[in-house]
Amino acid sequence: MNETVVAELASWKGPRAYRMQPCSREIKMLRPICGVCAAASGGKKYLPSLWFETCQHDPYVTYREVTTPTPTYEPVDPEVPNGAKKVVRVEDIVTIEPRPNWVSTSLAGGLNKGRGVERALWKGFIYPQSLRSPTYPGGIKRRCQFRDCLAEDVKRFTNGWFCREEEAKLVAVSDSETTYQVSFDARSDKIQKGQLDTVQVRT
Ligand SMILES: [Zn+2]
Ligand SMILES: [Zn+2]
């Protein structure tokens, strides 16, 4: 019997947004980058337009070397193994850390809705779920669609996928083009809070 092993969407712990202001929705995608293909073409600007379709060098993930100096200790007095210790050598332990090549594409409402994403796909950008990399054979989990938020513990709201309801509401405020109360003192804080309370984003 043949069993197809379906790889699961991988986790990649990303930072959460810290600036909580109205902003348009941002789709997180992955951009292809390949030094090998670029060098073979005589430079990045000479890459053929669909180079990423034939690139065999894992172009959506960048691998970074992380060096950790790691000391080895020995007891000062071999007769007292649990006593004071001295550093006998320090070795640089190198680990390779993958980082997906994240890019954000704004998905504002109105006439241009979806254009940015269309253009991004044409440039070879992909959704993290469709990534096929030796490190992430089944792709990576989708990201939060709030600006600068790469969190992956997302929930579905009426206007997209977000990690926090407040983020979904701020995007809804931005899309409705309502003037948002700027928070500068306790009173305006309260008005701002009241404004967000009226936004309905639950599915
Ligand atoms: Zn390549
Ligand atoms: Zn988020």
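Grab the beta carbon distance between Arg19 and Trp122, set R0 = 45 Å, and tell me the FRET efficiency rounded to 0.05. Once rounded, the FRET efficiency stands at 0.90. Model label sites at Glu97 and Thr70, defined 7 Å from Cα along the beta-carbon direction, differ in position by 1.6 nm.
Between Thr158 and Arg115, the simple spin-label model (points 7 angstrom out along Cα→Cβ) gives 2.7 nm. For the range 126-203, the list of GluC sites (Glu not before Pro) that fall in a loop by DSSP and count at most 11 other C-beta atoms within 10 angstrom reads Glu177.
Which angle from 0 to 90°, rounded to the nearest 10, does the C-alpha axis of helix 165-176 make with the longest principal axis of the chain? Relative to the chain, helix 165-176 is tipped by roughly 40 degrees.
Distance distribution note for the range 130-203: the fraction of Cα pairs above 20 angstrom is 44%.
Between Tyr63 and Arg89, what FRET efficiency comes out of the Förster formula 1/(1 + (r/R0)^6) with R0 = 22 Å and r the beta carbon distance, rounded to 0.05?
Working: r = 27 Å, r/R0 = 1.24.
It comes to 0.20.
Mind putting a number on the dipole of the chain about its Cα centre? Charges go on the C-beta only, +1 for Lys and Arg and -1 for Asp and Glu, and I need it in Debye to the nearest 20. Show your work: numbers first, answer last.
On the way: 30 positive and 24 negative charges, 178 e Å.
I would put it at about 860 debye.
When the P(r) of the chain is calculated, the portion above 27 Å amounts to 52% of the C-alpha pairs.
Treating r as the C-beta distance of Leu9 and Arg187 and R0 as 35 Å, the FRET efficiency rounds to 0.20. Comparing Thr72, Thr179, Thr62 in a Gaussian network model of the chain where C-alpha atoms under 10 Å apart are linked, the largest mean-square fluctuation is found at Thr72. Using Cα atoms only, what is the angle between the long axis of helix 186-197 and the major principal axis of the chain, expressed in degrees (0 to 90) to the nearest 10? Orientation of helix 186-197: about 80 degrees from the principal axis.
Laboratory data are not the source of any read-out in this text; all were calculated from the coordinates shown. Since the structure is predicted, the reported quantities are computational estimates derived from the model, not experimental observations. As a convention, Cβ positions derive from the backbone with ideal geometry for all residues, glycine included, and neighbour counts pool all protein chains shown.
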